[in-house]
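Asks: Quick one: structure below, then a few questions.
The values are calculated or read from the model by the stated rules, or taken from the named source; none is laboratory data. Bear in mind that the values here come from a model prediction, so they are computed numbers and not experimental data. Reconstructed Cβ throughout: ideal geometry from the backbone, glycine too, with neighbour counts over all protein chains shown.
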Amino acid sequence: MPEAQMVGSSLEVRRPLLEVRHLVKRFPVGGLFGKKQLHAVTDVSFTLDRGEVVALVGESGSGKSTTARLIVRLYEPTSGEIIFDGKDILKTEPRKASLSFRGRVQMIFQDPFGSLSPNHSIGFQLERPIRIHKRARGEAAVRAKVYELLETAGLNPPEEMARKYPFELSGGQRQRVAIARALAVEPEIILADEPVSMLDVSIRMGVLNLMHRLKEERGIGFLYITHDLASARYLADRTLVMYAGHVVEAGESVDLMDNPQHPYTQLLLSAVPNPRAGLRTREVQARGEIPSLINPPPGCPFAPRCPRVMPQCRHTMPEVAQVGPDHWLRCHLFPPG
Ligand SMILES: Nc1ncnc2c1ncn2[C@@H]1O[C@H](COP(=O)(O)OP(=O)(O)O)[C@@H](O)[C@H]1O
Ligand SMILES: [Mg+2]
């Protein structure tokens, strides 16, 4: 929600840097003449501001990655608005021209090996975005910037790290390079899609702490995508719980995890702690499966699995209800108002 704030002597409406409104993505499936549609993302809305971490949690297939990819327009939304810095980028920026937007928003993927080029040195891979986005000019300035990025990402000594190739690095170091590369263009927002899921438990914490530092010290906003609720509670100011393409519950992270209201969130949090996953984490491993997203039936998507299902759940999607100062959910157990 935009907030009215006194700024200087004038009353200004301060809006968050990124606002996603009613985002929808349906993929056509089923061959040439298929008319079927896979409902990957349905009516997702949230805001993300500078210096804020928002977590997107949910089981595999719930639409988390698609949401991030829509924001950087790796996919074109079916409908909805993506308002960045006050402008609806879907209306004002053609997809191909969204490079400037991408300079302000960067994405980090789960597999740092896949996103780095095996044939180029780390230094070269960091120089390229600096040159493309003109963040430094001249050999010496570009090199200095590369070293500074490596140091920021905890890759020391930077002169040595710059000469290395991806295969010479550990998984954690590679993800730090991916973060350094994202930082090279000086983004205001980073969309991090399961950035620690493929890393050894012992090094996850270091990468999470790096993101926390970048939020605190540089005011970068993060969309932190994960299926690990404990790390979301640790890192994120607010958390959105996704199920089958819908945001079913959202709120301040600690409040949401300590007082989950939606039966799905409760199920996630009651799932057995996974002793291998570190952080004394609870990986999302609730029983049952996400329903088919192809031409899904009306009603709450969680109804078939819900221990508290009621007749209306099977035919009507619940409205959004507020259950705390910053705590929202969609569930017929909580009618709005
Ligand atoms: N390019 C695509 N074409 C068709 N279906 C897709 C595509 N990308 C994702 N999906 C489907 O959309 C749903 C949500 O996927 P995804 O966003 O990757 O979920 P998550 O990241 O939460 O695991 C899944 O059913 C997935 O198979
Ligand atoms: Mg994903």
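Asks: Looking at region 194-207 only, could you name the residues that are surrounded by fewer than 22 Cβ atoms within 10 Å (Cβ to Cβ) and either assigned to a strand (DSSP E or B) or under 15 Å from the mean Cα position of the chain (by Cα) (or both)?
Replies: E194, S197
Asks: Determine which single condition V57 fails, assuming it passes every other condition in (1) closer than 23 Å to L268 by Cβ; (2) more than 16 Å from ligand 2 (Cβ to nearest atom).
Replies: (2)
Asks: On to the next question. So for region 47-56 (the condition being modelled with pLDDT under 95 and part of a loop (DSSP other than H, G, I, E, B)), does at least one residue qualify?
Replies: Looking for residues that are modelled with pLDDT under 95 and part of a loop (DSSP other than H, G, I, E, B), one finds none in region 47-56, hence no.
Asks: Right, another one. Tally the residues that are within 14 Å of ligand 1 (Cβ to nearest atom) and over 21 Å from P307 (Cβ atoms), restricting the search to region 228-262.
Replies: Of the residues in region 228-262, 4 are within 14 Å of ligand 1 (Cβ to nearest atom) and over 21 Å from P307 (Cβ atoms).
Asks: Another question, if that's okay. Checking T67 against (1) within 8 Å of ligand 1 (Cβ to nearest atom); (2) surrounded by fewer than 19 Cβ atoms within 10 Å (Cβ to Cβ); (3) touching a residue at least 24 places away in the same chain (Cβ under 8 Å), which test does it fail?
Replies: Answer for T67: the failing condition is (2).
Asks: Taking the condition surrounded by fewer than 18 Cβ atoms within 10 Å (Cβ to Cβ) and closer than 30 Å to V44 by Cβ, does E76 pass?
Replies: Judged against the criteria, E76 is a match.
Asks: Please find, within region 36-52, the residue that is surrounded by the most Cβ atoms within 10 Å (Cβ to Cβ) out of those that are of a type in the set (A, V, I, L, M) and within 11 Å of ligand 1 (Cβ to nearest atom).
Replies: Only one residue fits best here, namely V41.
Asks: Still on this structure, I have one more. Anything in region 152-166 that is assigned to a helix (DSSP H, G or I) and farther than 16 Å from M211 by Cβ? List them, or say none.
Replies: Answer for region 152-166, where residues must be assigned to a helix (DSSP H, G or I) and farther than 16 Å from M211 by Cβ: P158, E159, E160, M161, A162, R163, P166.
Asks: Kindly indicate whether any position in region 79-89 is within 16 Å of ligand 2 (Cβ to nearest atom), among the acidic types (D, E) and modelled with pLDDT under 95.
Replies: No - not one qualifying residue is present in region 79-89.
Asks: Take the conditions in a strand (DSSP E or B), at pLDDT 95 or above and β-branched (V, I, T) and apply them to V13. Does it pass?
Replies: It is false that V13 is in a strand (DSSP E or B), at pLDDT 95 or above and β-branched (V, I, T).
Asks: Now for a different question. If V196 meets every condition in (1) within 16 Å of ligand 2 (Cβ to nearest atom); (2) within 25 Å of R181 (Cα to Cα); (3) at pLDDT 95 or above; (4) touching a Leu at 6+ places or on another chain (Cβ under 9 Å) apart from one, which number is that one?
Replies: Tallying (1) within 16 Å of ligand 2 (Cβ to nearest atom); (2) within 25 Å of R181 (Cα to Cα); (3) at pLDDT 95 or above; (4) touching a Leu at 6+ places or on another chain (Cβ under 9 Å), V196 fails exactly one: (3).
Asks: Take the conditions out of contact with any Lys or Arg (no Cβ under 7 Å at 6 or more places or on another chain), in a strand (DSSP E or B) and surrounded by fewer than 17 Cβ atoms within 10 Å (Cβ to Cβ) and apply them to V24. Does it pass?
Replies: Yes; evaluated as a whole, the condition is true for this residue.
Asks: Now, a different point. Pairs under 6 Å by beta carbon, first residue more than 21 Å from L18 (Cα to Cα) in region 213-238, partner of a type in the set (D, E, K, R), six or more apart or different chains?
Replies: Taking only residues 6 or more apart or on different chains, the pairs are D228/E283; L229/R282; A230/R282.
Asks: Within the group T316, T226, T281, T239, which residue is surrounded by fewer than 24 Cβ atoms within 10 Å (Cβ to Cβ) and modelled with pLDDT of 95 or more?
Replies: The match here is T316.
Asks: Please state which one of S62, S117 is out of contact with any Cys (no Cβ under 6 Å at 6 or more places or on another chain), at pLDDT 90 or above, within 16 Å of ligand 2 (Cβ to nearest atom) and part of a loop (DSSP other than H, G, I, E, B).
Replies: Step by step, each of S62, S117 is checked, and only S62 is out of contact with any Cys (no Cβ under 6 Å at 6 or more places or on another chain), at pLDDT 90 or above, within 16 Å of ligand 2 (Cβ to nearest atom) and part of a loop (DSSP other than H, G, I, E, B).
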